[in-house]
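The next block holds one structure in the form of structure tokens; read it before the comments.
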Amino acid sequence: MASTDIIDNWIPIEWDDTVITRVQMDSAVERYARPHTMTTATKRVLRSSGLAVNVGSTYTADASTNDYVTLTARKFNSLFVVDEDDLADADSVIDTIQTKGMDWAISYADSFDNACLGVSAAENGSTVPFTSVYKALRTTNSATSYTADANYLTWDDDNVSYSASASGLSLYEKLSATFKKVETGKYWSMADQLVIAAPGWRDALRNCLDSQGRPIFVQGLAGTPDTLFNAPIAWSRGCKVSATNTQSPTGNDLLVFCNRGFLKRGDRSNGEILVDKARAQDTTDDTAVKIRVRKGFQLGHEAAFSILERITD
């Protein structure tokens with residue numbers, strides 16, 4: 001059998017397709033965000049507010065502003081140790097990597113989505129890796145002329161009215177108003193529209209009907225996605241409010257409607273694994289395995305997003 005000594009450097013997880021597939025299946029941001037390759041720790045991504053079009057033979061210089069968002073790579077990591085008696089050969093190491101890789105894929109997907117979507121605190125680079133969609137929409141940004149909470153709505157689930165009504169407080173009206181926040185702006189695209197929601201929304205959406213008694217939530221068949229108002233839904237366990245980044249958020253469920261082209265994901269490095277055997281001076285015969293990924297995230301523009309928070313007591 002081959003010795004584990006040959007596994008002495010960071011190994012890209014891409015060699016195991018099942019791990020990458022699981023990450024993309026469980027992480028809405030990994031699956032749908034626009035990727036930007038990062039060869040350094042930070043990267044600027046141009047943000048344009050538009051381009052004026054004029055009619056006639058005279059050309060007029062465009063006066064719209066251009067700026068940029070900065071993607072900063074943050075490291076998400078895991079570490080576990082295993083007794084070397086259980087790792088007699090390289091095949092055992094690979095099997096361990098596969099097993100732990102799947103565990104990591106599920107936890108990382110939830111943690112990364114939570115960092116990008118639901119953390120309520122200001123970015124600090126550690127416990128709060130990024131400015132999440134939730135935080136961005138609840139904060140005034142003078143650079144984009146966005147006012148805090150302009151695209152943020154709430155629905156109290158103590159209000160048992162789900163379907164269309166004249167109250168304006170039913171879930172139907174709240175969902176429609178959430179969509180309208182983006183649909184009436186210049187950052188909406190039917191081709192790129194996307195809903196990202198915590199699975200806790202499923203029960204409420206199943207009960208929601210339009211004024212004609214028709215369901216607005218349609219469950220997908222044969223591999224097609226679920227839809228809401230004809231927009232595809234990506235379910236994410238990380239799409240919940242939390243004070244700091246966690247793989248198991250317990251706050252209110254969020255529903256995000258967006259133009260997915262404005263979800264900016266920076267890829268500094270995808271999943272990597274490092275295996276290190278025990279040394280002669282160590283007091284235990286344990287092999288340490290590290291797993292890491294380095295990613296960045298930013299919103300392209302707040303106006304391309306809206307949020308509905310489900311308030312529970």
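The values are calculated or read from the model by the stated rules, or taken from the named source; none is laboratory data. Just so you know, these numbers come straight off a predicted model, no measurement behind them. Positions of Cβ are backbone-derived with ideal geometry, glycine not excepted, and every protein chain shown enters the neighbour counts.
Of all residues in the stretch 277-307, how many are over 25 Å from Tyr108 (Cβ atoms) and small (Gly, Ala, Ser)?
5
Identify all residues within the stretch 242-272 that are surrounded by fewer than 24 Cβ atoms within 10 Å (Cβ to Cβ) and aliphatic (A, V, I, L, M); write none if there are none.
Matches in the stretch 242-272: Ala243 only.
Mind listing just one residue for me: the one in the stretch 152-164 that is in contact with an Asp or Glu (Cβ under 7 Å, 6 or more places away or on another chain) and outside any strand (DSSP E or B) and, of those, surrounded by the most Cβ atoms within 10 Å (Cβ to Cβ)?
Across the stretch 152-164, the extreme among qualifying residues is Ala164.
Look at Val45 and say whether it is modelled with pLDDT of 70 or more, assigned to a strand (DSSP E or B) and among the aliphatic types (A, V, I, L, M).
Numbers: modelled with pLDDT of 70 or more: yes; assigned to a strand (DSSP E or B): yes; among the aliphatic types (A, V, I, L, M): yes.
Yes; evaluated as a whole, the condition is true for this residue.
Does Leu175 satisfy the criteria of being outside any helix (DSSP H, G or I), touching a strand residue (DSSP E or B) at 6+ places or on another chain (Cβ under 9 Å) and touching a residue at least 60 places away in the same chain (Cβ under 8 Å)?
Details: outside any helix (DSSP H, G or I): no; touching a strand residue (DSSP E or B) at 6+ places or on another chain (Cβ under 9 Å): yes; touching a residue at least 60 places away in the same chain (Cβ under 8 Å): yes.
In short, no.
Would you point out which residue out of Thr144, Thr131 is more than 30 Å from Ser248 (Cα to Cα), of a type in the set (Val, Ile, Thr) and part of a loop (DSSP other than H, G, I, E, B)?
Numbers: Thr131 fails: more than 30 Å from Ser248 (Cα to Cα).
Sole residue among the options that is more than 30 Å from Ser248 (Cα to Cα), of a type in the set (Val, Ile, Thr) and part of a loop (DSSP other than H, G, I, E, B): Thr144.
Restricting attention to the stretch 258-313, which residues are of a type in the set (S, T, N, Q), over 30 Å from Tyr172 (Cα atoms) and in a loop (DSSP other than H, G, I, E, B)?
Pass one, the stretch 258-313, residues of a type in the set (S, T, N, Q): 259, 269-270, 281, 283-284, 287, 298, 306, 312.
Still in the list and also over 30 Å from Tyr172 (Cα atoms): 269-270, 281, 283-284, 287.
Those that are of a type in the set (S, T, N, Q), over 30 Å from Tyr172 (Cα atoms) and in a loop (DSSP other than H, G, I, E, B): Gln281, Thr283, Thr284.
Listed here are the residues, each with its yes/no results for (1) of a type in the set (A, V, I, L, M); (2) within 18 Å of Tyr152 (Cβ to Cβ); (3) modelled with pLDDT of 95 or more; (4) out of contact with any Asp or Glu (no Cβ under 8 Å at 6 or more places or on another chain).
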| site | (1), (2), (3), (4) |
| --- | --- |
| Lys180 | no, yes, yes, yes |
| Gly185 | no, yes, no, yes |
| Asp192 | no, no, yes, yes |
| Val195 | yes, yes, yes, yes |
| Gly220 | no, no, no, no |
| Ile233 | yes, no, yes, no |
| Lys240 | no, yes, yes, no |
| Thr244 | no, no, yes, yes |
